[in-house]
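I have placed the structure first, in the form of structure tokens, so that the comments after it can refer back to it.
The values are calculated or read from the model by the stated rules, or taken from the named source; none is laboratory data. Here the structure is a predicted model, which is why all the values come from computation and not from measurement. When we count neighbours, we look across all protein chains shown, and the Cβ atoms used for this are built from the backbone with ideal geometry, even at glycine. Heads up: the accessible areas ignore ligands, DNA and RNA and are worked out on the full protein's heavy atoms, side chains in. Shrake-Rupley method; radii C 1.70, N 1.55, O 1.52, S 1.80 Å.
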Amino acid sequence: MGSINASVDLRRDGEVAVVTTDNPPVNALKHEVRAGLVEALRQAREDGAVKAVVIGCAGRTFFAGADITEFGQPPRPPSLHDVIAAVEGMPKPVVAALHGTALGGGFEVALACHFRIAVPGARVGLPEVKLGLLPGAGGTQRLPRLVGPEKALRMIVTGEPIGAAEAQVLGVVDDIAEGDLTSAGVTFARRVVAEGRPLSLVRERDEKLSAEGFADAAETLTQRLRGQDAPAACVEAVRNAIVLPFEEGLRRESELFRRLVAGDQSKARRHVFFAEREAARIGDMPETTKPRPIGRGAVIGAGTMGGGIAMCFANAGIPVSVVDTRRDLLQRGLDRIAANYRTTVSRGGLAADEMERRMARIAGGTELDAVAQADVVVEAVFEEMDVKKQVFGELDRLAKKDALLATNTSTLDVDEIARATGRPRDVLGMHFFSPANVMRLLEIVRGQETSFDALATAVALGRRLGKVPVTVGVCYGFVGNRMLARRSAETERLLLEGALPQRIDAAVVAFGFPMGPCAMMDLAGLDVGWRIRQGRGERAVIEDALCEAGHYGQKTGKGYFRYDAGSRTPLPDPEVEKLILESSSRLGINRRPIAEEEIVERMILPMINEGARLLEEGIASRPGDIDVIWVYGYGWPVWRGGPMYYADRLGLARVRDKLTDYAGRSGDPALRPAPLIARLAAEGRGFGS
Ligand code: 3H9
């Protein structure tokens, strides 16, 4: 008894052995933990005075899963299967005591125990699919036996955890622990011993193993996950639980796991997992930097963007004032927020009383002095420098000392905006993506004078709002939109050379994006870019012609595509086709059929090239940051790891040669390989090295 190793501790509380793991931050089941658990269970088994065992964790959570950093390394026994065999082989009751998030391999250990108790706030789930995997330690065989195959499949294919209350209703959790979890675990274990309750193992149960509804559920759950290997493997494994004996199902699960973990898709998703967490770090920030407390927010501008940002605050439980100097616009904005919430309620995504609570956190006002109480102000007014500067001048006068002053600009110079105040150290960009209450990406734009604690505050706030914050430098379009501009330019060229919108979009969708560039521009509104181009004296032949013909996108029922009334389905538009063909002929371009492969390359390589320039200029700090931006802001297929990761998979020499070819053919110097690509390719390296 006592300390088993640096991570695992075993102590006795009367006749109950308590095994506690402490491997911060999330108690991942690394080698030392597995070894410690096996040894602790051996000792508990052999100790005649021990009548029952409680397995729990210190710190913020029960085991959050296998240690992902060990994937791809040579396996080091004992494996997770060995831990589970030690649990199941225990002739005395074993109780898992759950708090925090019992996920993946962690939940699988709990499923092998005879009993599970959880604190009310605990969540349990099998999120492996989000890493391009399936649960590989028996989860696909045990969970269906416990909750039925259909429900298990839903949990496994979506990867979404469930709360303790639902887990109890489903029979996953035997009891909800009030008060101290370990004491509750010990009390529960004593009761089991005193009552002489039989030790049933989940693997031995089959009363819920029915195929009813399974095929339909599998179809519905996977139909939008085309191109991805893991969901199909999850379906196969759960189906095995119905049709095969337990041991055979387990063996097949391991096979599928081994195949997926070695595959490109899981590697790509693991890259994004770590890149996302890395993105929250700011390289030169002193470790002692503390974010400022945020108790109240204010949003200036009640337009679509401002309203969406206010919803983010309200959803995160932070009271927020929305200020718009025009009463009619303010009212329209507040009505839009309420309508958005009502839609979510009607779709079952939100309880009506929760909507009321969220609405109650949003206060509308027409006077800017409402910002005086706010710890953070996000400006989302018209995208015009003079207007923004005027607002920031006022904010400087009205906002409290140390308030974070953020602009939601997507194009303007954050440093110039900061200079409109006497406190540029508190100013930065918080670039939300539309719709702001849905899209996870948050570009945090660091100005020349932005202080570290302002940056730390923005990152912490971003995470609290449920966003994925990535810090970028100041330039036109920042990281995401500057790369997008390259794709848009190439879309124009492809349209002029011979492709039609539906063909370009189909190629991009086949690559894995949820929508193609033309449908995306229709959704965002073509007129937005048109106005910006007019201001900058730039032209885009086809897009400008479309705007001149009133094709603003979905809002006018026609853009690159046409839309039936009330529908968002893009339909090919003969009028657009005519306009494109005329544009080609006016410019003397002989249209030609363009292969799908070429379309995909031309949609992607110019973006990678711009990404390399952003790295050279220090606007993006890490290739992984760019990957995260594209995955969370623009629908880059996460199982392809992001553009810079994808470039490394292609090989930078190939990227360089292709770009050189396209630059030569188009005469566009922007397509010439960025010096960083040329250098890395010459050295045989990639962005990731
Ligand atoms: C699995 O279990 C396979 C089995 O079925 C079969 C095996 C045979 N490993 O997210 P955070 C790190 S697959 C290693 O910021 P939060 C993370 O990188 C696994 N490291 O905290 C970060 O490090 P750093 C199935 C991990 O409070 C730090 O912990 N499980 C792991 O916002 C804090 O993370 C999952 O997929 C890990 N498993 O969220 C769960 N997990 O500070 C994955 C985290 O150096 N994890 N780290 O940047 C999560 O979803 C979240 O981390 C969690 C906490 C919700 C737990």
Testing the spin-label approximation: label points 7 Å from Cα along Cα→Cβ at LEU571 and ALA352. State their distance in nm. 3.7 nm
To the nearest Å, what is the center-to-center distance of the range 288-334 and the range 368-390, using C-alpha atoms only? 10 Å
To the nearest 0.05, how large is the calculated FRET efficiency for SER666 and ALA6 if R₀ is 51 Å and r is the Cβ-Cβ distance? 0.30
Multiply the residue separation of GLU70 and SER689 by 0.36 nm, subtract the distance between their alpha-carbon atoms, and state the gained length in nm to one decimal. 220.9 nm
So what is the 222 nm mean residue ellipticity for the chain from helices alone, if each DSSP H run of at least 4 adds -39500 (n - 2.57) and you divide by all residues, rounding to the nearest 500 deg cm²/dmol? -15000 deg cm²/dmol
Based on the Kirkwood radius over alpha-carbon pairs, what is the Stokes-Einstein translational diffusion coefficient of the chain at 4 °C with 1.567 mPa s viscosity, in µm²/s? 47 µm²/s
Please work out the Kirkwood hydrodynamic radius for the range 596-682, using every pair of different C-alpha atoms, and report it in angstroms with one decimal place. 13.0 Å
Counting DSSP beta bridges with both ends in the range 340-450, the antiparallel % (nearest 5): 35 percent
Report the full-extension gain for the segment GLU416 to GLU46: residue separation times 0.36 nm, less the Cα-Cα distance, to one decimal in nm. 126.0 nm
Length gained, GLU287-VAL169, 0.36 nm per residue minus C-alpha separation, equals 38.1 nm
Cα-centred dipole magnitude for the range 297-472, charges only on beta-carbon of K, R (+1) and D, E (-1), debye, nearest 20: 560 debye
Give me the percent of the accessible area of the chain that comes from carbon and sulfur atoms, probe 1.4 Å, all protein chains in place. 51 percent
I need the calculated FRET efficiency for the pair VAL243 and LEU587, taking r as the beta carbon distance and R₀ as 60 Å, to the nearest 0.05. 0.45
Can you work out the Karplus-derived ³J(HN,Hα) for every residue in the range 332-345? Use 6.51 cos²θ - 1.76 cosθ + 1.60 with θ = phi - 60°, whole Hz, and x for glycine or proline. 4, x, 5, 4, 5, 4, 4, 5, 4, 4, 4, 4, 4, 4
Protection proxy (average C-beta count within 10 Å per residue), highest first, orders 174-187, 445-458 as 445-458, 174-187
Which percentage, to the nearest 5, of the DSSP beta bridges contained in the chain is antiparallel? 30 percent
At 1.4 Å probe size, with no ligands or nucleic acids counted, give the accessible surface of ASP668 in Å², nearest ten. 30 Å²
In terms of the charge dipole of the chain, which places +1 on Lys and Arg and -1 on Asp and Glu at the beta carbon, the residue among GLY125, ALA653, LEU244 farthest towards the positive end is ALA653
Roughly how many Å² is the accessible area per residue of the chain, as a whole number, for a 1.4 Å probe? 42 Å²
Three-way shape label, the range 264-352, alpha-carbon gyration tensor, a/c 1.5: oblate
Determine the dipole magnitude for the chain: charges of +1 sit on the beta-carbon of Lys and Arg, -1 on that of Asp and Glu, nothing else is charged, the reference point is the Cα centre, and the result goes in debye to the nearest 20. 180 debye
With the label point 7 Å along the Cα-to-beta-carbon line of ALA595 and a cut-off under 15 Å to each amide N, the hits in the range 636-658 are 658
Which peptide among 253-266, 610-623 comes first, and what is the full order, when sorted by highest mean count of other Cβ atoms within 10 Å? 610-623, 253-266
Convert 37 °C to kelvin, take the viscosity as 0.692 mPa s, use the Kirkwood radius over C-alpha pairs of the range 297-472 as Rh, and evaluate the Stokes-Einstein diffusion coefficient in µm²/s, rounded to a whole number. 207 µm²/s
Beta carbons within 10 angstrom, averaged per residue: use that to sort the peptides 217-223, 588-594, 519-525, highest first. 519-525, 217-223, 588-594
How much net charge surrounds LEU571 when only other residues with a Cβ under 13 Å from its Cβ are counted (Lys, Arg +1; Asp, Glu -1)? -3
For the range 8-261, whose charge dipole is built from +1 on Lys and Arg Cβ atoms and -1 on Asp and Glu Cβ atoms, the candidate among ALA102, LEU29, VAL235 with its Cα farthest towards the positive end is LEU29
Taking R0 as 41 Å, what FRET efficiency do you get between LYS555 and GLU195 from their Cβ-Cβ distance, rounded to the nearest 0.05? 0.05
